[in-house]
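So the structure is just underneath, and the comments pick up after that.
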Amino acid sequence: MTTERPRTRADIVDTARRLYEDLEFTAVREWLAADPDRKAVGCLPVYVPREVVWAAGVLPVGIHGGGDRLEIIRGDAYYQSYICHLPRSVVELGLSGRLDMLSGMLFPSTCDVIRNLSGMWQILRPEVYVRYVDVPQVEHPATGLEFWKGELSTIYRDMCAIAGTEPSDEALWAAIDDYDRVRDVIGRLYALRRDEPWKVPTEELYLVMRAGEVLPPPDFVDLATAYLEACHAEPLRRRDNTRVIVVGSFCEQPPLGLIKTIERAGCYIVGDDFLLGNRMITRPPERGGDPVEALAHALLFHHQPSSVMYEPDPDAKEVTIKKMVDAARADGVIFAAASFCDPALLDRPMLRAGAEAHGIPCIAFKFSENTGQFQQFREQAGTFSDSIKLWGGA
Amino acid sequence: MAPTTKEEVKVQKDRSMILQKEMIAGHFERLEKAPETGEKVVYTFVPGNLTELIRSFGALPLLPEINALQSGMRGKSKGYIAEAERNGHSEDVCTYVKCDIGMLRSGNIGPTGTRLPKPDLLLLSYTGCYTFMKWFELLREEYDCPTVFLHVPYQGDGTLLPEHRAYVVKQLRETIIPALEQVTGRPYDEDLLRENLARSAQAEDDLVAVLHSAKNRPSPIDSYFGGVYYVGPIFSAFRGTPEGVDYYRALRQEVEARVAAKQGPLTPVGRLDDQKYRLVVEGPPNWTSFREFWKMFAEEGAVVVASTYTKVGGTYDFGFRHDPSDPLGTLADYCGGCYTNHNLPGRIEMLERYVKEYEADGFIINSVKSCNSFSAGQLMILREVERRTGIPGGFVESDLVDPRYFSAANIKNRLESYLQMIEARRAGGATSSEALGRLA
Ligand code: SF4
Ligand code: SF4
């Protein structure tokens, strides 16, 4: 599957959809095949410092399970029914050979499921590099700085060893530049959706974002920039929809059908935490000095508030949701978490209390990446939207 | 003959159990009076607890998991969980958290019936479980007190790396100790900490002797159901205290006397001298039907000779001891070495060693719905341990403190089938757990 530069909205979305649906990761395989020295490494959700992977010349590939497109044959034998769906579909991808092109896997400290999956991978695939990425959880950002710098340096060194490249500050800065461009274009897309959501349906935006999980950063920036231009050039009809943010889907991803359902039920999604890792850092790492330090500093001092990062400020949970709603100029919140997702579901009562304290209407539901029936969600989201329109959600 | 009788006998207690009960009651009384006596109270979790350090500041530790499990054993958890779920907590998440939140909302009466004091400090030692972080954030919403956080790196590569150890020490020195100084108004006293640590090591020696005693036949202890009592003081408020030392000395003597007399442990159906099955168990127990669960094993003549749950608050049986000559470094090693901070291959190796060194006939996993830290990956642990030891494993499912997930009939059925399979293997029959149709 090649990614020639489609320029119309339909073409771009079509390209992105093909990438999304392709569980064989053909784009990654093609990128690897273009040069026998190239390597790729898988990155589990939520946050992996992709800059240090890319700086080594290794393609970071986002691994998000198989969604509703993968039949689970072996994965279920590895997980009890009360564990979320994501790890079983990742195991399925692995055992079915679909991840064989990867030279390694990075498992961030998102939760204990992903943490334990890192150990499982060490056993399942002893021939590949496996690392648990212990993103620091700290009260004071400065506390974790040295630690995180050490982790970044180790991962960078290991990635260079995989790729057969030499570590260098230039390469790190170049990778940081690339990811700054990624963050920038994502930021512009999200801003446009916030301001004129009829121009950027979330179903499309999501597909474009997913392309960023498998394409080299410059290719993604091209695609996303082309999409941004197409959004301006080919506006869609404006509707009288309710503006909502979707919170809690940062790891196991909702099926595309669920995103479509929310939109079709009369909601513009004007903020979300889908694929949050690609914008976890909120400010470009500061230039000058040591690139590893800059990257470490950016995460610890300037990251998105998220269920997977410790929140040192006791009042922040309540304030966070209000800020998110205000920033998106949303009318309400849809808490949509994967079933059995500890980070999202343990956070929810705190966030919800914060929303309610500010009179922000909200609804909550659980999904699984392979949920196939959306009727119930349609009704819930539709009623929610109507009630906000009629009574401001009261 | 399995136990002396198949009938439930009047609950008998070892001297150490009575001693422990008194210690716990005394501790909770002190906690209740803390607002009047001015003793400071530090809420913290079991894995990676810094009891010696907390105590060196004259403060009292209070451990929410212990309250939750005790609430489970005393039949209170169902109501508490319902209360938390009414308040918007998901049915999907760890029931310890919900039990604790529900207890708090219901007046914060602790397991011994005394009122629990508010914390003067919330000290999160973030060790081996993600949920702790959220639990801590949730608790923080309820109390207006200082909080302090210790990040303990996970043993992703199977060891606590030197730089990770140094990172923990640095946090202890720069964050945790100043917070304790501030809250208690006392300066850090390293000599006092060393004294506490020396007492910890003494108690740990005795605990390990008790755990190792299960290598005898008959085993004088049950290392899971009995084991949770044995680790109680050392996992909670008493590590490094004189009472802790006395308790473990008494316990060791009691167990050594049983070894000499070739006696088994007391169980819910009496003394289990005739032990038909020696088992290793992985995973936490169920607390709401604890005696019933234990009874299922004891009635079949099954004794647990080693368990991983009894390492959740510290792994001592492979040599680690608190070392008074390196007070903060040893606390870092301790935190890093708690069972759920071990990576999956490390946990598998531990189980493999247990099966082999304790000459077990089988191993059983009790997978609890609550706990991703334990449960995610257990089916793989099962396969690997089977492969490495050549012994088929058993798998049962329940929960910690949510009685809705304890199906006695189902568990009993599985346990009986499993033990029958072991019997058949002895007779040269079925050799694989696949015979039970359990795994794909
Ligand atoms: S969906 Fe939630 S519980 Fe599952 S792996 Fe992701 S963060 Fe962990
Ligand atoms: S998830 Fe497991 S380890 Fe963590 S608090 Fe709950 S029971 Fe304890």
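Residues in segment A:237-253 that are away from ligand 1 (no atom under 16 Å from the Cβ) and within 14 Å of chain B (Cβ to nearest Cβ): how many? Can you show your working first?
Pass one, segment A:237-253, residues away from ligand 1 (no atom under 16 Å from the Cβ): A:237-245.
Retained after the next criterion (residues that are within 14 Å of chain B (Cβ to nearest Cβ)): none.
Summing the residues that are away from ligand 1 (no atom under 16 Å from the Cβ) and within 14 Å of chain B (Cβ to nearest Cβ) in segment A:237-253 gives 0.
Inside segment A:44-131, counting only helices (runs of 4 or more DSSP H) that do not spill past its ends, which hold 3 or more residues that are surrounded by 22 or more Cβ atoms within 10 Å (Cβ to Cβ), within 14 Å of another protein chain (Cβ to nearest Cβ) and at pLDDT 95 or above? Lay out the reasoning, then the answer.
Values: elements: A:50-55, A:86-95, A:112-124.
Answer list for segment A:44-131: A:86-95, A:112-124.
How many residues, within segment A:132-172, are within 22 Å of A:Phe301 (Cα to Cα), among the polar types (S, T, N, Q) and open to solvent by 10 Å² or more (accessible area, probe 1.4 Å)?
Counting residues in segment A:132-172 that are within 22 Å of A:Phe301 (Cα to Cα), among the polar types (S, T, N, Q) and open to solvent by 10 Å² or more (accessible area, probe 1.4 Å) gives 3.
Which numbered condition in (1) of a type in the set (A, V, I, L, M); (2) farther than 18 Å from A:Thr261 by Cβ; (3) at pLDDT 95 or above is the only one that A:Val319 fails?
Failing condition for A:Val319: (3).
Taking helices (runs of 4 or more DSSP H) that fall entirely within segment B:50-117, which contain at least 3 residues that are open to solvent by 40 Å² or more (accessible area, probe 1.4 Å)?
Passing ranges, in order: B:77-86.
Residue check, B:Gly264 against (1) in a loop (DSSP other than H, G, I, E, B); (2) small (Gly, Ala, Ser); (3) touching a helix residue (DSSP H, G or I) at 6+ places or on another chain (Cβ under 6 Å), all met but one. Which one?
With respect to (1) in a loop (DSSP other than H, G, I, E, B); (2) small (Gly, Ala, Ser); (3) touching a helix residue (DSSP H, G or I) at 6+ places or on another chain (Cβ under 6 Å), B:Gly264 is out only on (3).
Going by the conditions given, is A:Asp195 within 14 Å of chain B (Cβ to nearest Cβ) and over 19 Å from the mean Cα position of the chain (by Cα)? Talk me through it step by step, then tell me what you get.
Working: within 14 Å of chain B (Cβ to nearest Cβ): no; over 19 Å from the mean Cα position of the chain (by Cα): yes.
When the stated conditions are applied, A:Asp195 does not pass them.
Quick check on this structure: which one of B:Pro162, B:Pro178 is more than 11 Å from every other protein chain (Cβ to nearest Cβ) and free of Cβ contacts under 8 Å to residues at least 24 places away in the same chain? First the steps, then the outcome.
Numbers: B:Pro162 fails: more than 11 Å from every other protein chain (Cβ to nearest Cβ).
Going through B:Pro162, B:Pro178 in turn, the sole match is B:Pro178.
Show the residue pairs that are 6+ apart or on different chains and have beta-carbon atoms under 7 Å apart, the first residue being within segment B:119-148 and at the interface with chain A (Cβ under 7 Å from one of its Cβ atoms) and among the charged types (D, E, K, R), the second being within 16 Å of ligand 2 (Cβ to nearest atom) and part of a strand (DSSP E or B).
Correct list of pairs: B:Arg140/B:Leu122.
If I ask for residues that are in a helix (DSSP H, G or I) and either crowded, with 24+ Cβ neighbours inside 10 Å or modelled with pLDDT under 95 (or both), which ones from segment A:20-43 would you list? Show your work before the answer.
In the first step, residues of segment A:20-43 are kept if they are in a helix (DSSP H, G or I); the result is A:20-21, A:26-33.
A:Val28 - this is the single residue of segment A:20-43 that is in a helix (DSSP H, G or I) and either crowded, with 24+ Cβ neighbours inside 10 Å or modelled with pLDDT under 95 (or both).
State whether the residues of segment A:138-148 include one that is of a type in the set (D, E, K, R) and in the same structural domain as A:Val61 (by the TED database).
First, the residues of segment A:138-148 that are of a type in the set (D, E, K, R): A:139, A:146.
Among the residues that remain, those that are also in the same structural domain as A:Val61 (by the TED database) are: A:139, A:146.
The answer is yes, given that some residue of segment A:138-148 is of a type in the set (D, E, K, R) and in the same structural domain as A:Val61 (by the TED database).
Within segment A:190-219, work out how many residues are of a type in the set (D, E, K, R), in contact with a Phe, Trp or Tyr (Cβ under 9 Å, 6 or more places away or on another chain) and over 17 Å from A:Leu276 (Cβ atoms).
2
Could you tell me how many of the residues in segment B:334-378 are open to solvent by 10 Å² or more (accessible area, probe 1.4 Å), among the charged types (D, E, K, R) and either under 18 Å from the mean Cα position of the chain (by Cα) or within 10 Å of chain A (Cβ to nearest Cβ) (or both)?
1
Kindly check whether there is at least one residue in segment A:332-353 that is open to solvent by 60 Å² or more (accessible area, probe 1.4 Å) and either outside the structural domain of A:Gly271 (by the TED database) or of a type outside the set (Lys, Arg) (or both). Before you say what the answer is, go through the steps one by one.
The initial filter retains those residues of segment A:332-353 that are open to solvent by 60 Å² or more (accessible area, probe 1.4 Å), namely A:352.
This time we only want the ones that are either outside the structural domain of A:Gly271 (by the TED database) or of a type outside the set (Lys, Arg) (or both), so: none.
No: zero hits.
Determine if segment A:279-294 includes at least one residue that is within 20 Å of A:Ala336 (Cβ to Cβ) and either modelled with pLDDT under 95 or within 21 Å of the chain's Cα centre (by Cα) (or both). Steps first, answer last, please.
We begin by selecting, within segment A:279-294, every residue within 20 Å of A:Ala336 (Cβ to Cβ); these are A:279-280.
In the following step, the residues that additionally are either modelled with pLDDT under 95 or within 21 Å of the chain's Cα centre (by Cα) (or both) were identified as A:279-280.
Yes, that holds for at least one residue.
Identify the residue in segment A:334-389 that is within 14 Å of chain B (Cβ to nearest Cβ) and assigned to a loop (DSSP other than H, G, I, E, B) and, among all such residues, is farthest from ligand 2 (Cβ to nearest atom). Steps first, answer last, please.
Here is the first cut: in segment A:334-389, the residues within 14 Å of chain B (Cβ to nearest Cβ) are A:335-357, A:362-368.
Keeping just the survivors that are assigned to a loop (DSSP other than H, G, I, E, B) gives A:339-341, A:368.
Details: A:Ser339: 16, A:Phe340: 12, A:Cys341: 13, A:Ser368: 20 Å.
The qualifying residue farthest from ligand 2 (Cβ to nearest atom) is A:Ser368.
Within the set of pairs 6+ apart or on separate chains, which have a first residue in segment B:386-413 that is within 12 Å of another protein chain (Cβ to nearest Cβ), a second that is more than 16 Å from ligand 1 (Cβ to nearest atom) and open to solvent by 30 Å² or more (accessible area, probe 1.4 Å), and C-beta atoms under 7 Å apart?
B:Arg388/B:Glu352; B:Phe395/B:Arg438; B:Val396/B:Arg414; B:Ser398/B:Tyr405; B:Asp399/B:Tyr405
Of everything in segment A:306-329, what is within 12 Å of another protein chain (Cβ to nearest Cβ) and without any contact (Cβ under 8 Å) to a residue 24 or more places away in the chain? Give them in sequence order.
A:Glu311, A:Asp313, A:Pro314, A:Asp315, A:Ala316, listed by residue number.
Please determine, by comparing only the residues of segment B:10-49 that are in contact (Cβ under 8 Å) with a residue 24 or more places away in the chain, part of a helix (DSSP H, G or I) and open to solvent by 50 Å² or more (accessible area, probe 1.4 Å), which one is farthest from B:Leu139 (Cα to Cα).
B:Arg15
The values are calculated or read from the model by the stated rules, or taken from the named source; none is laboratory data. Everything numeric here is computed off the predicted structure, so don't read it as measured data. Because the Cβ atoms are built from the backbone with ideal geometry, glycine has one as well, and the counts that use them run over all protein chains shown. To get the accessible areas, we keep the full protein, side chains included, count just its heavy atoms, and leave off ligands, DNA and RNA. Shrake-Rupley method; radii C 1.70, N 1.55, O 1.52, S 1.80 Å.
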